[in-house]
Structures are given as structure tokens and as C-alpha cells.
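The structure appears right after this line, and notes come after that.
Here, each number is a calculation from the coordinates, and none is a lab measurement. These numbers come from a predicted model, not from an experiment. We place every Cβ from the backbone using ideal geometry, glycine too, and count neighbours over all the protein chains shown.
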Amino acid sequence: MLIEQIKSPADIKKLSVHELKRLKRELRDVIIERVSINGGHLASNLGVIELTIALHYVFNSPKDKIIWDVGHQSYAHKLLTGRFAEFPTIRKFRGISGFPKREESAHDAFGTGHSSTSISAALGIIEARDRNKDDFKVIAVIGDGAMTGGLAFEGLNNAGQLNKDLIVVLNDNEMSISRNVGALPAYLNRIMTGELYQKFKKETKSRLESIPKVGGKAAQIAQKTEEMIKRLFLPGIIFEELGFNYVGPVDGHDIELLIGTLKRIRTETSPTLVHVITKKGRGYSFSEKDPCLFHGIGPFKLETGSPLSGSRLTYSEVFGNILTDLAARDKRIVAITAAMKEGTGLERFAKTYPDRFYDVGIAESHAATFAAGLATEGLKPVVVVYSTFLQRAYDEIVHDVCLQNLPVIFAVDRAGIVGEDGPTHHGVFDLSYLRHIPNIIVMEPKDEVELKYMFELALANKGPVAIRYQRGKIQTSFDSRMEISPGLPVPFRIGEAGIIKEGKDVALIALGSTVCSALSAAMKLEKEGISAMVVNARFVKPLDRDLIASVASMVPKIITVEENSLQGGFGSAVLELLNEMEVPNVRVRRIGIPDIFIEQGHQSELRRKYGLDEDGIYMAALSFHKEPTFSF
């Protein structure tokens, strides 16, 4: 294979146009095959194959810095920068990352995993370059979906002001994860597909081609006339007003055209934006037809595109069904997502109640404040967002929602250890950054049934609520009798924990996804003659003060278990409570995420490594039990 001979971008520059076209086919084949085995981001990577080749053909990485926004479009970049041999390990435990990672390669100029950061980072690198009297180019590759994020416009605004030679490549495929929403993507699409533009394009091309091919002043006038007329019609006007030279639109799948365009703008000394039109999922029929499904997908069958996962529903899907069912009896319920309709299980809700569904684009901060505004007028807004992305709205949660004590519900999906997407996507900080905010209630269900009950409680509450739940398939309900229908009484109150198993030697106070593992560990401890109590905490804020104090008075040793950072998390809350209540003669151990960024790997691998599975909890309790107790 030609791709096996590419050890660095320098090798690409030696290839003919024919060989480059062969290379792009090989890249697609390798990426499709590997993602079908490992899972990963497929559609976004298939759409930028030609663009990636052209960038590395024209520029000189790693001296020149190429920054991939979000980073889920960097697989071809990794393959072309010496990581072909390691590519089978992508997204695997101790393998290469699915995102750019500075520790992994000198060609990964800036680590990215969240959207809309590339322009700001690139501008900072350019400013540092000039201060250091260095000489290299900086290119930010950003999708039109990421352009819906406010940070992208903050970067554009500052770039126009500083007037540096920043190159922004706008990868326009009409997609983020879900279909793009908002005024800017609609504007780009309207201009590109409008009858007036298409007619103008054909006529202008014909007339310009009729101009005699002569040099000198006549050719310059013709070129300037073409550019002037194009700017009247093309979407570049918005970027021109921000201080950028606009180039395009360019066919993002024409390697020769891309190379020629990038070569022409390489020597520009002021901000330049190259508008590239691509097709997300290109080259694999199933991903072309359904780029949303194949944006981020688990292992699948190459021949059919069918996922290999089991049939059980995920927590996201269960949540979506719960919200849709509850909305049938409460017309005040509205759902808000930040470009994540499919990922957060809101497809059914959006289809059933299209006028009560809002996709605000990749704009989590706006989503929170938008929800606050809705809540002031009596609606029941539910902001549905991954834990790792909710942290982008921290100030708005504090200032706009909690300070005003507004009844906004945050459905915090993908809480805890997420898996192969790695440190940029693990949701292990939300308990720490939410529980210290006044007025908010924070809870986590142990199973599907408690998730239903918690939404009933949240809807009845008059202030802000956050319900976090894990990524993955639902767990079997602990008690089949607890199946509920909307409107039935909830068997527990806000701030009420529950004892699942009695015991006297050690108490395992577990939260959400860890409750099942704690119960299994307790059963193993029984075989060792150790009587272990298991408490389902349910709430991080408020804690069940009376029950925890009672447990501490009966059991001399307590272990808290959570899929969250130990710094400021659930275990810290329990310690603070016991200290505040001056409970004597009790020792506490905490199991959770240490003070590090958790690497990528399967959820089961990572839970095992950090002692959050059944065996880890069992070993911690066994060791703790053997230690002497003490009294004051």
C-alpha cells in the first residue's frame, strides 16, 4: 500500500497527482475498516481526506502548525504524520488518541476535543511566534458546525483586529454532529444553493472564459472584476467585514484545486479564510446516507453498516422516552440541546413536539441562559447536554440560573467514565463544579426506574436541578415493582437516600452507576465473613443528613463510591457533613477519580484500573476492614 510508505508529510510532497488520488482512496479504506473494528468518528473524518492531503502537501508540518477544531476530523492527519503502524490502537486503552494530542506527536500542534477553540488557539500561537521572532504558518481548520460556537466569533473578531497572517479553513459540510442549525449555517447554505447564485456562477464563468487570455493590465482588471462581483453574492462578505480576505467556495474533494488554492494564499500577510465545501461521510455509502449515525459510532459491520452493539436501550434513549412521555401531560416542558439531538436521545421528543424542541447549535452557554429566560415566564426548560460540555456553561449556570433560583433542569448525560474518547470527554467533574453552587439540587439514579422518578421530582421542584446519568446500556431495575407511569407518587423525597442491604462492619455509600457494583462487592464480602451495608445515596445535594449520621453511628467504617473527581465530589460532601455534625468514632475512605485526567479506554477497563468495579470496591473494603478501628 502507498500509505505504508508515508512516514511523514515530507513523503507526500514527492507524490504525483495520480498517486495522491490513490492515497486518498487508501486513507478512506483504512479509516473505514479500523473504525468498523474500534468504533470512532467516521463521517467527519471521511469528509476531510482530500483537504488533509492538500494541507500537508502545501504546508510544512510540524514547523507549520495545523490545528484541527474539535479534533474528531484528524484520523487522516494522524495517518499522514507517521502513525500508520499505531493506527490499529486508535481509541484503545494505551493506544493513540482519537483527537489531536500534543504529547502524542509534534504534528499535533494543539490538543482539541471541544468545539470552536481553533481560531483563538491559532491566533495565540501566531502572536507568540511573532514575539519570539519565529517564522512559520498557522492554519485553523474549523467546521461550519463549530462556527455556531461563540468562541469562534470571539477569535475571528480578535484576529481581524490584530491583522496577523492567520489562515482559517472553513470546512463547510452543513453538519456538526446533528444537522446544523442557526443563522450562519443557513446563510451559507442559502447562498450556495440559491438559484440566483447558481445562475450567476454559470454566466460569470462563461463570460470570464470568453475574455482573451492576455497578460498585463487587462488580465488584472478581469481578475479584480471577477473578485468584486463574487463578493456581492458569496458568503465571504461576513468574513470580509471582520477583516478577513475571503477565498472560495472551493470544492473540498478536488485535490488539485485545493493544492492550488492553498499555494496561492500561503504567502498572504493578513487574515485569510478559505471556504471549502465537503460532504460528511464521503466514500462510504452508509455514512453518506446517515452522517449523524456515523459521526461517532461503535463497531459495525462493513458490509451493511449495522452496529454490533446489543439491543438494550441506552440511558440516553431511556431519558428521551421519559421526557417525551412526561411532556404529554405537561405542556410547559421544552427541551434544549446544543447540537446533540441524536446523541442525547431527543429524536423522539423533537419529532413528537417540534415546536417545543430547541437546538441552539454548539452553544452551551447560550443554552443555559436561554433556558433561564424561558423559566422566568413559567416554562419548564430541560437542558440536555453531555457532562463534559456542560462545564462550558459554568458561569451561566451560576449567574443566570442558580443566582435567580430558576426552575431549569439540566439532564447531564455521559456522566462519569465515558470510554474511548478519553480525557476531553470523561464526565468526571460535574459533581464538583455543581454541588457548591447555592440553590441547585444534584442527583444521580442507580437505574432506569430511579431516572423516571427523579424527573418527576425535578419537574415538581421550583428551583434548578441537575440529574446526571451514565453513558451506556441501562442496568436492570433493582425492584421490578417500582415500574411507574407518569403521575404516580414518587417513593422517595428530595434528599432521601436508601439502605439496600443491611450490615455492621463496613458501609458502602454509593452513588448512581456505582451502586450495582457496591452491592455485588458486598455479597462477596459476606463470603469472607464481613457484614457490609450498602446505601444508595441518590442525592449529592442535599445529602440525607439523618441517614448518613445514623449509618455512621452504627458502622465504624464508611466507604464512599462515585464516578467523579475525589476533589470536591460526593465523598468530600460526606466528609464535610460528618465533620459538621461532629460524628465521633467513624473512619471514611473514598473511592473515585484521582487528581488526574483519565486516559482513554473501555469503560470496564478504566473502572477496573481505578477501583470502581466490583473487585475494586471489594478489595478496598477488605483492606479497610482489616485496619484497626479507633475511638476518641
Assigned charges on the beta-carbon of Lys, Arg, Asp, Glu; the stretch 499-626 dipole about Cα centre (debye): 220
Cα gyration tensor category, rounded, prolate or oblate, for the stretch 315-482 with a/c compared to 1.5: rounded
Ellipticity estimate at 222 nm from DSSP helix runs (n ≥ 4, -39,500 (n - 2.57)) divided over the chain, nearest 500: -11500 deg cm²/dmol
Under the Karplus relation 6.51 cos²θ - 1.76 cosθ + 1.60, θ = phi - 60°, what is the ordered set of whole-Hz ³J(HN,Hα) values for the stretch 498-509, x standing for Gly and Pro? x, 8, 8, 9, 7, x, 10, 8, 8, 10, 9, 9
So for each of 557-564, 291-298, 274-281 I average, over its residues, the number of other beta carbons within 10 Å; can you give me the resulting order with the highest mean first? 557-564, 274-281, 291-298
Considering only T324, G149, S513, whose Cα is most displaced toward the positive end of the charge dipole of the chain, charges sitting on Cβ of Lys, Arg (+1) and Asp, Glu (-1)? G149
Only Lys, Arg, Asp and Glu count, each charged at its Cβ (+1, +1, -1, -1), so figure out the dipole size of the chain about its Cα centre, rounded to 20 debye. 1380
Based on the mean of other beta carbon atoms within 10 Å per residue, what is the order of 436-448, 20-32, most packed first? 436-448, 20-32
Defining a contact as two alpha carbons under 8 Å apart and six or more residues distant in sequence, what relative contact order in percent does the chain show? 11
Amide H contacts under 5 Å for V442, restricted to residues at least 5 apart in sequence or on another chain and with H modeled in the peptide plane, are A466, V540, K541
Alpha carbon centre of the stretch 527-591 versus the stretch 347-401: separation in Å? 33
Please say if the stretch 499-626 is rounded, prolate or oblate, where rounded means a/c under 1.5 for a ≥ b ≥ c the square roots of the C-alpha gyration tensor eigenvalues, and otherwise the choice is prolate for a/b larger than b/c and oblate otherwise? oblate
Relative to the longest principal axis of the C-alpha atoms of the chain, give the angle of the C-alpha long axis of helix 17-38, reported between 0 and 90° and rounded to the nearest 10°. 10
Take every Cα pair under 8 Å in the stretch 583-632 that's 6+ residues apart, average their separations, divide by the length, and report that relative contact order as a whole percent. 47
Per-residue HN-Hα couplings for the stretch 353-358, Karplus 6.51 cos²θ - 1.76 cosθ + 1.60 at θ = phi - 60°, whole Hz, x for Gly and Pro? 10, x, 7, 10, 10, 10
Can you list residues whose amide H is under 5 Å from N564's amide H, if they're 5+ apart or on another chain and H is modeled 1.01 Å from N? I593
As I understand it, the value is the acute angle between the Cα axis of helix 118-131 and the longest principal axis of the Cα atoms of the chain; what does it come to in degrees, rounded to 10? 70
Once phi for every residue in the stretch 541-549 is put through the Karplus expression 6.51 cos²θ - 1.76 cosθ + 1.60 (θ = phi - 60°), the whole-Hz ³J(HN,Hα) values, with Gly and Pro written as x, are 8, x, 6, 7, 4, 5, 5, 5, 5
